Structure formats: C-alpha cells, structure tokens
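Trainee: Supplied in structure tokens, the structure appears directly below.
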Amino acid sequence: MLDLAWVRAQFPAFSEPGLQGQAFFGNAGGSYACQQVIDRLHRFYTQRKVQPYSAYEASRLGGAEMDEARTRLAAMLGVATHELSFGPSTTQNTYVLAQAVRRWIKPGQKIIVTDQDHEANSGPWRRLAEDGIRIVEWQLDPDTGLLNPDDLAQLLGDDTALVCFPHCSNVIGAINDVTAITRIAKAAGARVCVDGVSYAPHGFADVGALGCDVYLFSAYKTYGPHQGIMVIREDFGFDLPNQGHHFNGDTLYKRFTPAGPDHAQIAASAGMADYFDAMAQHHGGGTGADAARLAHDLMRAQEVALLKPLLDYVSAKNSVRLIGPADAATRAPTVAMALQGNAADVAARLAPLGIMAEGGDFYAQRPLQAMGVDLDKGVLRVSFTHYTSAAEVDQLMGALDQVL
C-alpha cells in the first residue's frame, strides 16, 4: 500500500501555512510540484543559469542535467532517449506536430479525431481542414461518453493517415484501451497520436508497449514544471518534415521544437524521475522503468480506493449527473458533474468550505456538447491524485452536501 504520509512529505504545498485546511481538487488543471523538482529548478537558476553545453563547468553541468531529464524520463516511459522531446505545452507540441503532418499527408488521405478529446488533441488537427485535408470524427456515445472501437473500425480505411484520440478524457474520465485501439488503427495502415495529458498524472504509461507513434502529456500535471512532453517514435519522427532549425534536422528530439528550449524547466523535469525513483525505493522497488511501473500501480490503487466512495456519492445524488462511468477501476479520479445551476457558482461556494475546485468547460466543449451538457452552466470538476487523503475526500463530500 502507498505510504501516504511519505508521499505528502515530498510536496511542500502540504506544509504551506496558507494551504492548511484546503483540500485541493483542481489537479486535472495542474498538480502540486514535488520537492525534487523545486530543488532542481532552484539549483539551475542559482548555479547554472547560463547557456548550456559549453566547456566551462556551469554550462557543462546545466547541459548534463537537461540530458539527464530526457534520458531518465524516456527510460521510465519505455522509449529511446532521442524519442522524447520537450516543448512549452502539449497544445503547442500538438500544433507543431500538426504542421508537420500537413506537409506529410498525401492527397485524398484523412485524419480521424474524436469528440471525446479536449481541445489540445482536437483543434490543431481539425484546423487542417482549412488546407483541404479530410477530417473524420469518431463520436462518443452521448449517454456514456465512451468511445466504441467498433465505430472506429467502420471509419478506417486505406485512406486513413492518422488516428488521434485520448488515453483519458479530462471530463469523462474513462480510460481508453490504447493498445487495442492502436492495434485496430495500425491494421489499417494508420499512424496513431495519443493525448496522455489526463492519464499521466496517475502514473506513467509504458509508451513503448502501447504501440502508438506519438504520446503527449504535460509535466506541470505530473508534479513537474510547465513543460509539454512528447514521445514520437523514430520511424514516424524522421518520416515527417523537420519543423526546427535546418541544422537540427538530424536530431529527432529537436525536429519538433522550432523555438529554443527552456533550459531550466527541462533540467528540473529530472526531479519527476527523482520522485518516482524515491517512491519505488521507499516501497521496496527498483529504479528507472521498474520504478515507474511500481509507482504507477501504487498510485492507481490509492486513487481507485478513494474514488469509489466519491462515485457512489455522486451517483446517488438526483440533482447531479455524473459525466462518464461510475466504475472507479475503469476511470481516472477526474469527476465532472452536470448540475442544475451554474457550476462555477457552486465552485465559488465550495471555496469557503476549504474545497479548491473549478466549474466551466475545461477546454472540453466538444465532449460536453456531445453529451448534452449546457455549456453556459458547465460542469463542476473535482480531480485528485495519489497524494489526496481519504479525509479530504470526506471533506469534499461534506461540502457538496452543504452547497448542492
């Protein structure tokens, strides 16, 4: 079992006086940063804030720490070091990738997107329709919010260049079977791009085993700095046209970063690997990929145990519509609720009760509209991670009792 006291000791927010008594349920928008990341960021800005990769010591150490972040995170994700790149955000990474695909795709080919995604893995692809590229939508079930792989099979054909879908929706919460969906798409000859933003905070996936060509997520939602992380497999990455400086075209992790990298934040991202290694070692496990797998399982088990009573509570409320499945084992602890009133107003009423949550559409207008949610009212979204306590979930349910 996860040692929750040890976990919370790794996050300075839990000892911050101004946050005492406040239960944080806005994690889907960005998690607390772990101490390991904060320490590395502080060290870089105070000791190594120079142009990296030069011969003098401060520069050499700065470059080495940036390389360390890429090497260790790639190993945890089950991919080669040069297949992992950093960018300012997942939305930006996807946009740059879409510009490469725009020049790569052949006339008459199509791209399949879903209406379950939030806008980062939807908008950049849909915008390619302006260039005459055919965009086909794989639609969710409006009652359950789920994607049916059989529906995808009906849409596929030898004219499909790319299939884009989420590992997990940021409002529906259902975890899609990436391996199975990827297998279906690959059988039709398509490439696959997966948005992992809403899954990665709950444990790093073994991207190498998933089989997809691209996997994207955001470090600021996985206890790190504000960076987007993109895995792009070598054969696809070099098949696409270079989007970086012409002299960087031979280096895979530079091909899709047209702007200069954020040296300090990339270096600080190694702190995420520090944290997962430390978690695994504290619980009797190893390092690297082994640590990532153990941390993933510990985190998921903790989250599922806390999620079940919350889903039972929400499902029993006649005035609340739970968005997505009620089975804790099949979804992430990101719980969106359609209410009778305005969700942002309810979130504001929760704040004095020590509940930090939000109401709105969360860049997920397409899936919410597909499920018949009034966007003017939005949804109340409460999201947590492995560092959340059972007492905080109880606090949330008690506060909801008062405001609903």
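The values are calculated or read from the model by the stated rules, or taken from the named source; none is laboratory data. Remember, predicted model here, so these are calculated numbers, not experimental data. Please note: Cβ atoms are built from the backbone with ideal geometry, for glycine as well, and neighbour counts cover all protein chains shown. Please note that ligands, DNA and RNA were not included when accessible areas were found on the heavy atoms of the full protein model with its side chains. Shrake-Rupley method; radii C 1.70, N 1.55, O 1.52, S 1.80 Å.
Trainee: Kindly evaluate residue 310 against the criterion of being under 18 Å from residue 398 (Cβ atoms), touching a Ser or Thr at 6+ places or on another chain (Cβ under 7 Å) and not assigned by the TED database to the domain that holds residue 144.
Mentor: Judged against the criteria, residue 310 is not a match.
Trainee: Inspect segment 230-241 for any residue being surrounded by 16 or more Cβ atoms within 10 Å (Cβ to Cβ), of a type in the set (Val, Ile, Thr) and in contact with a strand residue (DSSP E or B) (Cβ under 9 Å, 6 or more places away or on another chain) and give the result as yes or no.
Mentor: Taking every residue of segment 230-241 in turn, at least one turns out to be surrounded by 16 or more Cβ atoms within 10 Å (Cβ to Cβ), of a type in the set (Val, Ile, Thr) and in contact with a strand residue (DSSP E or B) (Cβ under 9 Å, 6 or more places away or on another chain).
Trainee: Let me ask you something else. May I ask you to list the residues in segment 356-373 that are open to solvent by 20 Å² or more (accessible area, probe 1.4 Å) and assigned to a helix (DSSP H, G or I)?
Mentor: Hits for segment 356-373 are 365, 366, 369, 370.
Trainee: What pairs can you find where one residue is in segment 300-329 and farther than 26 Å from residue 204 by Cβ, the other is among the acidic types (Asp, Glu), and their Cβ atoms are less than 6 Å apart, with a gap of 6+ or different chains?
Mentor: none
Trainee: Determine if segment 333-344 includes at least one residue that is under 14 Å from residue 403 (Cα atoms), in contact with a strand residue (DSSP E or B) (Cβ under 6 Å, 6 or more places away or on another chain) and without any contact (Cβ under 8 Å) to a residue 40 or more places away in the chain.
Mentor: yes
Trainee: Looking at (1) in a helix (DSSP H, G or I); (2) of a type outside the set (Gly, Ala, Ser); (3) open to solvent by 10 Å² or more (accessible area, probe 1.4 Å); (4) not assigned by the TED database to the domain that holds residue 339, which one does residue 261 not meet, given that it meets all the others?
Mentor: Condition (1) is where residue 261 drops out.
Yes/no matrix, rows are residues, columns are (1) in the same structural domain as residue 380 (by the TED database); (2) polar (S, T, N, Q); (3) open to solvent by 20 Å² or more (accessible area, probe 1.4 Å); (4) over 23 Å from the mean Cα position of the chain (by Cα):
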position: 326; (1), (2), (3), (4): yes, no, yes, no
position: 329; (1), (2), (3), (4): yes, no, yes, no
position: 334; (1), (2), (3), (4): yes, yes, no, no
position: 340; (1), (2), (3), (4): yes, yes, yes, yes
position: 346; (1), (2), (3), (4): yes, no, no, yes
position: 351; (1), (2), (3), (4): yes, no, yes, yes
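Trainee: Then there's this: For segment 158-172, indicate whether the set of residues that are hydrophobic (A, V, I, L, M, F, W, C) and open to solvent by 20 Å² or more (accessible area, probe 1.4 Å) is non-empty.
Mentor: no
Okay, residues lined up against (1) open to solvent by 10 Å² or more (accessible area, probe 1.4 Å); (2) at pLDDT 95 or above; (3) basic (Lys, Arg); (4) in the same structural domain as residue 351 (by the TED database):
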residue: 25; (1), (2), (3), (4): no, yes, no, yes
residue: 60; (1), (2), (3), (4): yes, yes, yes, no
residue: 68; (1), (2), (3), (4): yes, yes, no, no
residue: 108; (1), (2), (3), (4): yes, yes, no, no
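Trainee: Considering only segment 300-310, I want to know if a residue exists there that is under 21 Å from residue 403 (Cα atoms), outside any helix (DSSP H, G or I) and of a type outside the set (Asp, Glu).
Mentor: For segment 300-310, residues under 21 Å from residue 403 (Cα atoms), outside any helix (DSSP H, G or I) and of a type outside the set (Asp, Glu): absent.
Trainee: Still on this structure, please answer the following. Which one of 98, 55 is open to solvent by less than 50 Å² (accessible area, probe 1.4 Å) and either part of a helix (DSSP H, G or I) or on the phi < 0 side of the Ramachandran plot (or both)?
Mentor: 98
Trainee: OK, next. So which residues in segment 374-385 are at negative phi and either of a type in the set (Phe, Trp, Tyr) or crowded, with 23+ Cβ neighbours inside 10 Å (or both)?
Mentor: Correct list: 379, 380, 381, 382, 383, 384, 385.
Per-residue answers, yes or no, for (1) in contact (Cβ under 8 Å) with a residue 60 or more places away in the chain; (2) of a type outside the set (S, T, N, Q):
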residue	(1), (2)
116	yes, no
130	no, yes
133	no, yes
138	no, yes
146	yes, yes
164	no, yes
170	yes, no
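Trainee: Among the residues of segment 76-91, what is the count of those that are part of a loop (DSSP other than H, G, I, E, B) and either closer than 15 Å to residue 266 by Cα or not assigned by the TED database to the domain that holds residue 268 (or both)?
Mentor: Residues that pass the stated criteria total 2.
Trainee: Considering segment 242-258 alone, what residues qualify as being open to solvent by 50 Å² or more (accessible area, probe 1.4 Å) and among the aromatic types (Phe, Trp, Tyr)?
Mentor: 247, 253
Trainee: Separate question: Answer yes or no: is there a residue in segment 185-193 that is buried (at least 23 other Cβ atoms within 10 Å of the Cβ) and within 20 Å of residue 266 (Cα to Cα).
Mentor: No, the conditions are met nowhere in segment 185-193.
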